[in-house]
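Below: one structure, written as structure tokens.
The values are calculated or read from the model by the stated rules, or taken from the named source; none is laboratory data. This one's a predicted model, so the numbers in the text were calculated from it and none came from an experiment. So basically every Cβ, Gly included, is an ideal-geometry build from the backbone, and we count neighbours across all protein chains shown. For accessibility, only protein heavy atoms count, side chains too; no ligands or nucleic acids. Shrake-Rupley method; radii C 1.70, N 1.55, O 1.52, S 1.80 Å.
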Amino acid sequence: MATPLDKDDVRDLAKAVGKVVAEKRRSLGFSQEKLAEFVNCHRTYVGIVERGERNITLYTLVSFAAALDCLPSEILKGMKM
């Protein structure tokens with residue numbers, strides 16, 4: 001059985017997700033503002049996600065994936081458990 005995640009684990013996962021979002025955004029040549037328009041959120045929220053400061057919802061993950069023209073699993077690839 002897997003051990004439960006502690007707060008540090010969750011923070012590390014959020015940072016890994018944010019890193020992939022930032023890399024994909026840059027590879028498409030999008031600014032944070034442009035990505036925010038596609039996701040229908042504020043530019044500062046994109047920065048918060050990219051820095052791993054927020055534990056995003058499944059809905060948000062799917063929204064970012066659609067805006068970045070990838071599958072949600074591609075964003076989660078940076079996660080190590």
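Structure values in brief
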{"read-out": "Neighbours by Cβ (under 8 Å, 6+ apart or cross-chain): first from region 23-41, open to solvent by 100 Å² or more (accessible area, probe 1.4 Å); second among the charged types (D, E, K, R)", "value": "Glu33/Arg43"}
{"read-out": "Test result for Leu13, of a type outside the set (D, E, K, R) and at pLDDT 95 or above", "value": "no"}
{"read-out": "Matching entry among Thr44, Thr60 (being without any contact (Cβ under 8 Å) to a residue 40 or more places away in the chain, open to solvent by 40 Å² or more (accessible area, probe 1.4 Å), among the β-branched types (Val, Ile, Thr) and out of contact with any strand residue (DSSP E or B) (no Cβ under 6 Å at 6 or more places or on another chain))", "value": "Thr44"}
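This table checks each residue for (1) modelled with pLDDT of 95 or more; (2) over 14 Å from Val20 (Cα atoms).
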residue	(1), (2)
Asn40	yes, yes
Leu58	yes, yes
Pro72	yes, no
Met79	no, no
